[in-house]
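Report on the following structure.
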Amino acid sequence: MKAPIRAALMNALLFPGTGHIHLKRYARGCLFLVPTLAAAAVFMSGAMDQAQVVADQIMAGTMPLDPTLIAAKVESASVNTPWMTVSVYVLIAGWAGSIIDVLLISKDAP
């Protein structure tokens, strides 16, 4: 398998920027890796806050231990802050951008 294809697959399947690092484009890889990693941390923090709200209700006894009710509560009690919305867009842009970029820089290489 050619290195550019392997790098694109690494960006797509592992994490954005890993394919760039594989191609020894460290600075460019960090340009994708760091913001995407920060966005993932913000998103996971919001998701954990949402799960904690539901878990607290279960532990307090205000919500029965019913899987369908819990799923409905998680969907309705979304803690969608503007930061979570931005983090989702950054994740999508980082993932798609890193795949496209690694394919474009591989065409410029000799």
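Full extension from Met1 to Leu69: what is 0.36 nm times the residue separation minus their Cα-Cα distance, to one decimal in nm?
Gain on stretching Met1 to Leu69: 19.7 nm.
Among the listed options (1) -0.34; (2) -0.43; (3) -0.25, the one matching log10 I(q)/I(0) by the Debye sum over Cα atoms at q = 0.10 Å⁻¹ as calculated from these coordinates is (2). Ordering Ser87, Ser76, Ser45 from the fewest to the most neighbouring beta carbons within 10 Å gives Ser76, Ser45, Ser87. Label sites at Ala51 and Ile105, each approximated as a point 7 angstrom past Cα along Cα to Cβ, lie 3.3 nm apart. Taking trypsin sites (Lys or Arg not before Pro) in DSSP loop states with no more than 15 other Cβ atoms inside 10 Å as exposed sites, the chain has its longest site-free stretch at 25-110.
Partners of Lys24 within straight-line reach, counting lysines whose Cα lies under 17 Å from its Cα and excluding those fewer than 8 residues away in the same chain: Lys2, Lys107.
The Kirkwood hydrodynamic radius of region 31-72, based on inverse pair distances between different Cα atoms, is 12.0 Å.
We did not get these values from a lab; they are worked out from the coordinates using the rules stated. It should be emphasised that the depicted structure is a prediction, and the values quoted were computed from it without experimental measurement. Counting neighbours? That spans all protein chains shown, and the Cβs are built from the backbone with ideal geometry, glycine included.
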